[in-house]
Structures are given as C-alpha cells and as structure tokens.
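Quick notes on the structure that follows.
Only the coordinates and a few stated rules stand behind these numbers; no lab work does. Since we're looking at a predicted model, the values are computed, not measured. In this analysis, Cβ positions are derived from the backbone assuming ideal geometry, glycine residues included, and neighbour counts consider all displayed protein chains.
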Amino acid sequence: MKTEEAYKQYIVHITVNEGLSPRTVSSYKEDLKQYLQYLQDDDITDTEEITDGVIDAFLSEQRMEKKSTSVARMAAAVRSFHHYLSFLHDEHDPSLNIEVSRGVRALPVFCTVEEINALMGSFRNDDPKEIMEHALLELIYTCGLRVSEAVSMTLNRIDLDSGVVRVLGKGNKERIVPIPAGSIPLLKQYRNIIRPVFQKKRSNLFFLNRYGRKVTVRYTELLLERKCAEIGLKKHITPHKLRHSYATHLLQGGADLRSIQEMLGHSDIQTTEIYTHVQNRQIFDSYARFHPGERIGELQETDTDKNNREDTEDD
C-alpha cells in the first residue's frame, strides 16, 4: 500500500475506532508525518518496502536530536501504525523487534578503525560490482553521509579534483564536506571506469547499479549485512552507524565539535555533543584497563575477594 494512503487510513482508524484522546491522535499525526518524510527522503513510497533496518535508522536519527521520551513516543506511533497494517491488510510487520527505552539516551553504536579497515578491505578490486559497492560505503563513511544523501548524490556535487562533496541534506540545506585524499582514487576508478559501463541511459546520479538503475537504501543495508557476515563482524552495522563511526573517529582524531557539526549537517550543537560521551566512555574504559593503580588492585586481589566480588556482580 502507498505510504500516504496507509497514513490516511490509519489516522481515521485511531480517531474513530480506537477512541484515543485528541491529544494522542495529534501527537501520533505529527510523529508519523516525520516518519513519512523520512521514508520519502529515502525514496520509499510503499509500505511493503519498509524494513526493520529502515525503522531502526529512523529512530537512531531521532535519538540524536530528541529526548528519549520523545523517541519512545515516536516508536510507539510507528509500531501502532505497522500493527494496524499487519492486522487489517495482512502485511509483514517490520516493527516487531523494535525496542526503545525511555531511560538515558543510548550512545551511538560505531565501528572501530580496525573494523572499518576490515570492512573496506573485503572488497575485490577486479569486480566492477564490488568496486561500485566499495565506493558507495567509502563515501558514506569517509564523508559522514546519511544513506539517503549518498544514494541520491549527483555527479555535479562531487568534485574529485578539489576533493570536496556538496551534500544536499535535510530541508535542502547544503553543506560542504572534504573527501579524504585516500578515498579519491577509488571514487575516480568507479566514476571514470565502472559507472560508464553500468550506465544504460542518461542519468545524473553518481551511483548506479549494474543495470543502470539507482542504488537504493535497502540495497545498501543488505550490502552491509552481507559484508559484515563475510568478515565475521558480530555488530549489527547499518549505513547510519557508519555515519556514527565517522563522527566518533573525527573526535578521537582531535577534530573540534563545531567542525563535526558542520560536516554532519546538525542544526544544533547539542546533537553533536553525544559523541563526547562516546569519547568519555572510552577514556574511563582505558583507565580501568591500563592504569597502574587499577592493575595493582587486580593483582593484589585475593581469590576470596574475587569470589565475593563475582557473587555481588551476579546479583
């Protein structure tokens, strides 16, 4: 079913049949409008195209900008919407495994530099399809793009000679992001050699699949799932989590928050500040693992003390 039609039917349903309060109906309306806009930005116009990965990416993005209580309410609206479609229209419910806590806002999941290197190193450099896929994930990670921004990228917005990309983000706001020098040879190889072979008709899109069609968000999600399985990466990595990795690695490398805010396209610096919590957590973890005082405490601990502590931790 078309998303707009599904939305209209659902609003009628909760207004007439569910007997929800006007305030609740109004909140669900606003939350679902944002959800539908997100789907539209990702070129998803049919409810059958929505996956759990799409919902997870949507809620992850909301966590970066909203309080945990607001995200929990949005998740409830999305779940209610899909439960309705599943019950009355016999559609698969992609929201079944979505869980959102009302507690402290969760820190973003990200890859280590070693995991990114393993991921990018898993592509064959003699296979046109794999070169395109490598270039796609490379651009998402090294420029911190939303997956919708990457798959909608046009040729005229990537200047590989100057090493910059002009990203058209939310609200049609444009931002300029530098492309790392190490990524440019791969992107040029794809653009100059692979893309002309894939192109079947005139198109301004930078990324085309081997049939000459636009690469989709879902294609990118499945690509990451396949590659993570190939390299034995146990984390559930989505395209949006590559963006989290980009921001985290920039901060670890010494970039200032304002610069990261600009490159991510965040309108509010508070959205970007979540990455300082990631860094703080790593600092305390490193302290606990490597500080001599902590190590001495471990070495001096008796077997009895250790057993008592483990019993307490199990509680």
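Label separation (Ala229 vs Glu5): 3.3 nm, computed from points 7 Å beyond Cα along the C-beta direction. Ordering Asp42, Asp256 from the fewest to the most neighbouring beta carbons within 10 Å gives Asp256, Asp42.
Shown here is the pair-distance distribution of segment 46-190: with all Cα-Cα distances grouped in 10 Å bins from zero up to the longest one, the shares run 10, 30, 31, 22, 7, 0 percent.
A cut-off of 5 Å between modelled amide H atoms, ignoring neighbours fewer than 5 places along the same chain, links Val215 with Asn209. Excluding residues fewer than 8 places away in the same chain, name every one of the lysines whose C-alpha is closer than 22 Å to that of Lys201. Excluding near neighbours in sequence, the set is Lys129, Lys188, Lys214.
For segment 134-183, the ratio of Cα radius of gyration to the globular rule of thumb 2.2 N^0.38 Å stands at 1.03.
Between Ser21 and Leu88, the modelled labels are 2.3 nm apart [label points 7 Å from Cα along Cα→Cβ]. On full extension, the segment bounded by Ile176 and Arg213 gains 10.7 nm, given 0.36 nm per residue less the C-alpha separation.
With only Cα atoms counted, segment 225-276 has Rg and Dmax values of 13.1, 37 Å.
How far is the Cα center of segment 236-271 from the Cα center of segment 108-161, in Å? Cα centroid of segment 236-271 versus Cα centroid of segment 108-161: 16 Å apart.
Once you order the gyration tensor axes a ≥ b ≥ c over the Cα atoms, which shape class does segment 113-275 get: rounded for a/c under 1.5, otherwise prolate or oblate by comparing a/b with b/c? It is oblate, given that a/c is not under 1.5 and a/b is not larger than b/c.
The calculated Kirkwood hydrodynamic radius for segment 3-89 is 13.2 Å, given to one decimal from all distinct C-alpha pairs. Shown for Phe198, Phe81: other C-beta atoms within 10 Å of each C-beta, ranked fewest to most, produce the order Phe198, Phe81. Straight-line reach from Lys67: taking Cα to Cα under 28 Å and skipping same-chain neighbours fewer than 8 places apart, the lysines in range are Lys8, Lys29, Lys33, Lys170, Lys173, Lys235, Lys241.
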